[in-house]
Amino acid sequence: MYFRFFYCLVFSYSGSLLAAPVQIPAQLSAVPDTCVALREGRHCYADVVLSWQQVEVGNYCLRDATSKYIMQCWLKQRQGSFNYAFDSTQSISFELFDSNTSQVIAVTEVKLQWVYQNRQKKRRWRLF
C-alpha cells in the first residue's frame, strides 16, 4: 500500500516538472578569456573568438560594452561567433543584445594579466 502511494506521488510530481518550460539564459563566451602581456601597461595581443547561443531565433548584435561600438549583427539566428583581434592595455567587456529591443542579454569579459608588474620608483633628477 505504501509503495503504490509513493509510486503515484513520484510520477504525478515528475509529470508536473516536465510540463513546466525551462528557460535557459543566453550564453556568451570568449576563448581565450585572458590575455597575458609581458609587462604591466603594455599592449596585449590575442585572437579571441566570441561565441554566443540563444534559445530563441532573433536579431542579435555583439558590441563593446564601454564604447558601445557594434562589431557584428546576426539576423534570424540562434547562435553565432565572431573573431576579434584583441589589442588593448586593459580588460574589455562585450555585450550581446537584442537589436529589436536594445536589451542586453549576455555579457563576457576578456581580462588582462601581466607576467611582470612595474615596481619602478620614479627617480628625481640630481645635479650631483
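Each reported figure results from applying straightforward, stated rules to the coordinates on display, with no laboratory input. This is a predicted model, so every value here is computed, not measured. Backbone-built Cβ (ideal geometry, glycine too); neighbour counts: all protein chains shown.
Some points to look at:
- Cleavage-rule hits (chymotrypsin sites (Phe, Trp or Tyr not before Pro)) in segment 65-106: DSSP loop, at most 10 neighbouring Cβ within 10 angstrom: Tyr69
- Net lengthening on full extension, Cys73/Arg124 (0.36 nm per residue, minus Cα-Cα): 13.2 nm
- Simple label model, 7 Å out from Cα along Cβ direction - Ser102 to Leu38, nm: 4.4 nm
- Residue-wise HN-Hα couplings along segment 63-79, as the Karplus relation 6.51 cos²θ - 1.76 cosθ + 1.60 with θ = phi - 60° gives them from phi, are 9, 6, 6, 7, 8, 6, 6, 7, 8, 6, 10, 10, 9, 6, 10, 10, 8 Hz; Gly and Pro carry x.
- Neighbours of Phe86, meaning other residues whose beta-carbon lies under 14 angstrom from its beta-carbon, give a summed charge of -3 when Lys and Arg score +1 and Asp and Glu score -1.
- Relative contact order of segment 53-113: 33 percent, from C-alpha pairs under 8 Å at least 6 residues apart in sequence.
- Restriction of the trypsin sites (Lys or Arg not before Pro) in segment 54-117 to DSSP coil positions whose beta-carbon has at most 14 other beta-carbons within 10 angstrom yields Lys68.
- 3J(HN,Hα) along segment 89-98: 9, 8, 5, 10, 9, 10, 10, 9, 9, 7 Hz, from the Karplus curve 6.51 cos²θ - 1.76 cosθ + 1.60 with θ = phi - 60°, whole Hz, x for Gly and Pro.
- Cα shape, segment 34-91, gyration tensor, a/c 1.5 rule: prolate
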